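Before any comments, here is the structure.
The values are calculated or read from the model by the stated rules, or taken from the named source; none is laboratory data. Values in this document were obtained by computation on a predicted structure and should not be read as measured data. So basically every Cβ, Gly included, is an ideal-geometry build from the backbone, and we count neighbours across all protein chains shown. Remember, those area values only see protein heavy atoms, side chains included, never the ligands or the DNA or RNA. Shrake-Rupley method; radii C 1.70, N 1.55, O 1.52, S 1.80 Å.
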Number of protein chains: 2
Amino acid sequence: MAADHRMEKIVSLCKRRGFIFPGSEIYGGLAGTFDYGPLGVALKKNIENAWWRMFVDARDDMYGLDSAILMHPRVWEASGHVGGFHDPLVSDEKTGKRYRADHLLEEAGIDPSGMSLAQMGEALQSGGVKSPEGNALSAPQQFNMMFKTSVGSVEGGDMAVYLRPETAQGMFVNFKNLVDTYHPKLPFGMAQIGRAFRNEIAPRDFIFRVRELEIMEFEYFIREGQWEEQFDYWRKQMQAWFASLGFAPDDIREVEIPDGERAHYSKRTIDFHYRYPHKFDELGGLAYRTDFDLKNHIAQSGTDLAYLDPVTNEKVVPHVLEPTFGLGRHLLAVLVAAYTEDELGGELRTLLKFPSHLAPVKAAVFPLLKNKPELVAKAREVYLELKKEIPQVVWDDNGNIGKRYRRQDEIGTPLCITIDFDTLGEKPELKDSVTVRDRDTGAQKRFSVSDAIARVREGI
Amino acid sequence: MAADHRMEKIVSLCKRRGFIFPGSEIYGGLAGTFDYGPLGVALKKNIENAWWRMFVDARDDMYGLDSAILMHPRVWEASGHVGGFHDPLVSDEKTGKRYRADHLLEEAGIDPSGMSLAQMGEALQSGGVKSPEGNALSAPQQFNMMFKTSVGSVEGGDMAVYLRPETAQGMFVNFKNLVDTYHPKLPFGMAQIGRAFRNEIAPRDFIFRVRELEIMEFEYFIREGQWEEQFDYWRKQMQAWFASLGFAPDDIREVEIPDGERAHYSKRTIDFHYRYPHKFDELGGLAYRTDFDLKNHIAQSGTDLAYLDPVTNEKVVPHVLEPTFGLGRHLLAVLVAAYTEDELGGELRTLLKFPSHLAPVKAAVFPLLKNKPELVAKAREVYLELKKEIPQVVWDDNGNIGKRYRRQDEIGTPLCITIDFDTLGEKPELKDSVTVRDRDTGAQKRFSVSDAIARVREGI
């Protein structure tokens, strides 16, 4: 299956089945925004919950946070975003449409890595690169990617504020609050899942490059001398996390970011790339941010953010490791990893092979026939018993049983439970048993109702 | 306890113990924004999850959604927000500081309900109302409360977009997507929990009136003729929800909003007020929005959003009931309801009497003494066994046992489990038993470890 068709098929399935819709669609859309439908919300929640369980709840050294999207503008001066969170843009000299200079160079087969703005300008010119409309291009200019708005309580004196472009600063700004409240011992971390906004000039690749994104990340505070050992530890933890999502080792690549290409604050960064249909591209990353952030906030805010070691009584500014995980990018990778076309019983089918703990729907319950009240009543009884314990189950009595299986395969439901005439006692020895059908193999086996429920429970 | 002291005490406890911190505090704060610390995140998640379970997962007729904060600007023309989402503001003629005209009137003992802008201006003048700084006031003007930003891909052609001031429109805009995907039968609902932003001129009352808020709400689509019956049904459901959070009936008031004061789209609205320390104030509401929203989106977008009845084959534009719940306001009400000062064993104490299912920490595990390795080892074993099943448990070995109880009382932990010498077999008949101490009564009873764990499990 060609890579680009694969992406198209996933986009189409997501819309058709209620995972993801384009944002503001009835108004022609707003590029780079998406709305998650019922199955998308459920899948997203499952990824978030698994992440929070592994990195926050299961640990003694991690503290959850949920900080505001609107922050004081000086936060972004301290972090370097006001001065440096830029994309290099050129504009079409006729239409005025803006493009990423680095993207145009890549598309022309020229590698822009490490180029300065001036070098990109020269490379565009010497390469004879035109805009996609075929027109001449302006010289590249830096374009700040933060969305700006203003908060006002004084006439004519509104304060410009930004929508946060990352969640990390919320943790640094609350470092002192956490230390004063919990007195944690180094090393320890602060974790959050939240939205961030970037004024991407060219949103693309479905939910991969968007203007409104969600990030799961934590800042892990350490002593400077521990960084290499801790970097290795978190790298392995991230590998374990990716494995828990069912990603094949071959589909993940670790990319060491060389000197001169890392973010201004980082002394070492590894990006984790996933094999997306469009290319291997960033899923998450692990950065050693040194003490860059806390030091800058100390300088800018005048607040003492040093940590008083309870044992040595020394004051230290902790160093920071930052494992970061794009939530939308994770969701896309989970969809890509799950998307399968195969043949079952001589028919082509599409299925999503989600690991059970990520599947938005855990099981579907059917009466074999819709027009037999006794079947429907018994199926309804089983459905309600199951739903009481495991709410992520659905009822389906539409169309014939084969169609229902296909529908559940396509949304990745691991198990389908059918109530048939044997359940009602047509063969007395099978009374009260139901068939449980496996998504991946299509195999059906009979179980008692309670064993069937136990099988669903196992997969959560 | 005076009402205003109560709020001060809650604010102070929230900061001291890591529920809620003022936003961007080290930079002097950004009014109307708050950051949720570890306990605040946990409490918020518990409220959200309980809501989602009751109104979405447990039902067959409700569909989850998570739509983007940034929407096409025409959405807010259709919804009436561009034209009508205003606060009446006056400014101090000397300092330029803006104030809500209606708030100044209220503070001067004048009821502004139902007044036009001009009437407020007259009332301010005839009442001799000055600014809080004692200066003359400008005439009232309408001030749009939506935050504006811009999205750009064409030079000089940036598009103005708003941060959504409510989540409802995300559901209306996706109505057709949902119907095309799920073919639901009327009545059915779309539900979401998400952030919204309002440029409040005077954020106040802690997390009650903020600039960045979270809303839990659903739009329930019905046939016009059903609205009265459905209104009653949802009113009762909301009452049941409030009861499930442990709110005393006396602390909730239902306020019927009279003609002329309802939002422009509503034919009937009940506000649910909670007894906050500052006053009885809005916690949520139930509005009958008629077909206002879908009709306007049909007119503005040119998309057919009519619902084709699968039985009668009629096309209808559904009517809408909207139960809405402020998440931060719920969290504040849960804190207020839980906040208690009493006397236990001759000592004054502060405790949060959360219902167990909302408590951020379900249980704490202590070794009786910190410096006895055999106690610590056994306590650690119990702690890890419990945490494996119920991650929301904590370990505490700081200070004496009395202090630890007080600390857990103050954050509302329902149960404390202590491992003492009897657990280790000092009295052989008590070997492997632990004490379980109840937050509200302070009573301690001995249980086997597995019975103690079962008691924690019951409370989830």
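Data overview
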| read-out | value |
| --- | --- |
| Given (1) of a type in the set (Ser, Thr, Tyr); (2) open to solvent by less than 10 Å² (accessible area, probe 1.4 Å); (3) at positive phi, number of the condition residue A:288 does not satisfy | (3) |
| Selection status of residue B:105, under 24 Å from residue B:32 (Cα atoms) and more than 14 Å from chain A (Cβ to nearest Cβ) | yes |
| Test: residue A:53 is in contact (Cβ under 8 Å) with a residue 40 or more places away in the chain, open to solvent by 10 Å² or more (accessible area, probe 1.4 Å) and not acidic (Asp, Glu) | no |
| Condition check for residue A:202: open to solvent by less than 40 Å² (accessible area, probe 1.4 Å), out of contact with any helix residue (DSSP H, G or I) (no Cβ under 7 Å at 6 or more places or on another chain) and either under 29 Å from residue A:114 (Cα atoms) or modelled with pLDDT under 95 (or both) | no |
| Flag if residue A:330 is open to solvent by less than 10 Å² (accessible area, probe 1.4 Å), of a type outside the set (A, V, I, L, M, F, W, C) and closer than 19 Å to residue A:45 by Cα | yes |
| Condition broken by residue A:323, with the remaining ones in (1) touching a helix residue (DSSP H, G or I) at 6+ places or on another chain (Cβ under 6 Å); (2) within 14 Å of chain B (Cβ to nearest Cβ) satisfied | (2) |
| Identity of the residue in the stretch B:148-168, charged (D, E, K, R) and open to solvent by 10 Å² or more (accessible area, probe 1.4 Å), that ends up nearest to the other protein chains (Cβ to nearest Cβ) | B:155 |
| So residue B:212, is it at pLDDT 95 or above, within 9 Å of chain A (Cβ to nearest Cβ), open to solvent by 10 Å² or more (accessible area, probe 1.4 Å) and under 21 Å from the mean Cα position of the chain (by Cα) | yes |
| Residue B:48 being acidic (Asp, Glu), modelled with pLDDT under 95 and under 30 Å from residue A:164 (Cβ atoms) | no |
| Matching option when the condition is closer than 30 Å to residue A:9 by Cβ, in a strand (DSSP E or B) and out of contact with any helix residue (DSSP H, G or I) (no Cβ under 7 Å at 6 or more places or on another chain), among A:340, A:269 | A:340 |
| Residues of the stretch B:383-412 satisfying the condition of being more than 10 Å from chain A (Cβ to nearest Cβ), farther than 16 Å from residue B:352 by Cβ and touching a residue at least 60 places away in the same chain (Cβ under 8 Å) | B:385, B:386, B:389 |
| Residue check, residue B:364 within 22 Å of residue B:442 (Cα to Cα), in contact with a Cys (Cβ under 9 Å, 6 or more places away or on another chain), within 14 Å of chain A (Cβ to nearest Cβ) and surrounded by 15 or more Cβ atoms within 10 Å (Cβ to Cβ) | yes |
| Matching residues in the stretch B:434-459 - criterion: being of a type in the set (Lys, Arg), out of contact with any Ser or Thr (no Cβ under 6 Å at 6 or more places or on another chain) and open to solvent by 20 Å² or more (accessible area, probe 1.4 Å) | B:445, B:455, B:457 |
| Failed condition for residue A:236, given (1) within 14 Å of chain B (Cβ to nearest Cβ); (2) out of contact with any strand residue (DSSP E or B) (no Cβ under 9 Å at 6 or more places or on another chain) | (1) |
| Qualifying positions in the stretch A:121-143 - in a helix (DSSP H, G or I) and of a type outside the set (Gly, Ala, Ser) | A:122, A:124, A:125 |
| Answer from A:352, A:348, A:283 - the residue that is more than 25 Å from residue A:191 (Cα to Cα) and touching a Gly at 6+ places or on another chain (Cβ under 7 Å) | A:352 |
| Unmet requirement for residue A:398, which otherwise passes all of (1) at pLDDT below 95; (2) open to solvent by less than 60 Å² (accessible area, probe 1.4 Å) | (2) |
| When residues of the stretch B:235-280 are limited to those that are open to solvent by 30 Å² or more (accessible area, probe 1.4 Å) and among the aromatic types (Phe, Trp, Tyr), the one nearest to residue B:334 (Cα to Cα) | B:280 |
| Index of the failed condition, residue B:305 passing every other in (1) in a helix (DSSP H, G or I); (2) hydrophobic (A, V, I, L, M, F, W, C); (3) touching a residue at least 60 places away in the same chain (Cβ under 8 Å) | (1) |
| Wholly within the stretch B:1-102, helices (runs of 4 or more DSSP H) carrying at least 2 residues that are within 10 Å of another protein chain (Cβ to nearest Cβ) | B:3-17, B:38-52, B:73-78 |
| Residue satisfying condition, being buried (at least 23 other Cβ atoms within 10 Å of the Cβ), in contact with a strand residue (DSSP E or B) (Cβ under 6 Å, 6 or more places away or on another chain), under 22 Å from residue B:328 (Cβ atoms) and more than 8 Å from every other protein chain (Cβ to nearest Cβ), within set B:145, B:171 | B:171 |
| Unmet criterion (only one of (1) within 19 Å of the chain's Cα centre (by Cα); (2) within 14 Å of chain A (Cβ to nearest Cβ); (3) open to solvent by 20 Å² or more (accessible area, probe 1.4 Å); (4) touching a residue at least 60 places away in the same chain (Cβ under 8 Å)) for residue B:176 | (1) |
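So that you can scan it fast, the table gives a plain yes or no per residue for (1) touching a Pro at 6+ places or on another chain (Cβ under 6 Å); (2) of a type in the set (Ser, Thr, Tyr); (3) surrounded by 18 or more Cβ atoms within 10 Å (Cβ to Cβ); (4) on the phi > 0 side of the Ramachandran plot:
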residue: A:368; (1), (2), (3), (4): no, no, yes, no
residue: A:375; (1), (2), (3), (4): yes, no, yes, no
residue: A:385; (1), (2), (3), (4): no, no, no, no
residue: A:388; (1), (2), (3), (4): no, no, no, no
residue: A:408; (1), (2), (3), (4): no, no, yes, no
residue: A:415; (1), (2), (3), (4): no, no, yes, no
